[in-house]
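Data block below; observations after.
The values are calculated or read from the model by the stated rules, or taken from the named source; none is laboratory data. Source: prediction; values computed, not measured. A quick note on method: Cβ atoms are made from the backbone with ideal geometry, for glycine too, and the neighbour counts reach across all protein chains shown. When the accessible area is computed, the model is the full protein with side chains, heavy atoms only, and any ligands, DNA or RNA have been set aside. Shrake-Rupley method; radii C 1.70, N 1.55, O 1.52, S 1.80 Å.
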Amino acid sequence: IAGRVESGVLQPGDTVLFSPSNKRAVVKTIEAFGGPAPAKVGPGEAAGFTVTEQIYVTRGEMVSREDEMAPRVSTRLRTDIFWLSRQPLTAGRTYTFKLGAAEIPAQLESVQRVLDASTLNVDEKRPSVNRHEVAAVKAL
């Protein structure tokens, strides 16, 4: 399993939890790219690790140590976006959201508000977001 450590420390013997699948495993070894295997890896480091039992985790899953707070898993997303497409972002349509390394189809439930970047005026009644606009949206 390979990826980048965003926070915390990972070392052999740690029990880890994969989210959102809720699979658990024990870290067997830490592997390094192009160098000797370190005893542990920390924030900002890219590394791989092996686990003591054979499990399959899909691309984009997050891993956390079992003794730390796991990421919150949900089927809904509320976020602020900066829209770059020439086609408007429209409530009711399905889009592909990229969350970390995962790509997930999600239906845009609503546009909560649109911010005009030049005037800083807020519109809370628009059902779509045009190119180069900032908006708060909900998706499921």
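The test for being basic (Lys, Arg) and either part of a loop (DSSP other than H, G, I, E, B) or free of Cβ contacts under 8 Å to residues at least 24 places away in the same chain (or both) holds for Lys98.
When every residue of the stretch 32-48 is checked against the conditions, none turns out to be over 23 Å from Leu99 (Cβ atoms) and part of a strand (DSSP E or B). When the residues of the stretch 1-18 are filtered to those that are outside any loop (DSSP other than H, G, I, E, B) and within 17 Å of Gly100 (Cβ to Cβ), the one that is most open to solvent (accessible area, probe 1.4 Å) is Arg4.
Can you confirm whether the stretch 98-113 contains a residue that is acidic (Asp, Glu) and either over 30 Å from Val5 (Cα atoms) or open to solvent by 100 Å² or more (accessible area, probe 1.4 Å) (or both)? Yes, the stretch 98-113 contains a residue that is acidic (Asp, Glu) and either over 30 Å from Val5 (Cα atoms) or open to solvent by 100 Å² or more (accessible area, probe 1.4 Å) (or both). Candidates are the residues of the stretch 50-65 that are surrounded by 13 or more Cβ atoms within 10 Å (Cβ to Cβ) and within 20 Å of the chain's Cα centre (by Cα); the one that is nearest to Gly13 (Cα to Cα) is Arg65. For Leu120, the conditions (1) aliphatic (A, V, I, L, M); (2) open to solvent by 40 Å² or more (accessible area, probe 1.4 Å); (3) closer than 20 Å to Val73 by Cα all hold with the exception of (3).
When Ser74, Ser21 are checked against the criterion of being hydroxyl-bearing (Ser, Thr, Tyr), part of a loop (DSSP other than H, G, I, E, B) and exposed (fewer than 11 other Cβ atoms within 10 Å of the Cβ), Ser74 stands alone in meeting it.
How many residues, within the stretch 29-49, are surrounded by 13 or more Cβ atoms within 10 Å (Cβ to Cβ) and either in contact with a helix residue (DSSP H, G or I) (Cβ under 9 Å, 6 or more places away or on another chain) or touching a residue at least 12 places away in the same chain (Cβ under 8 Å) (or both)? The qualifying residues number 10.
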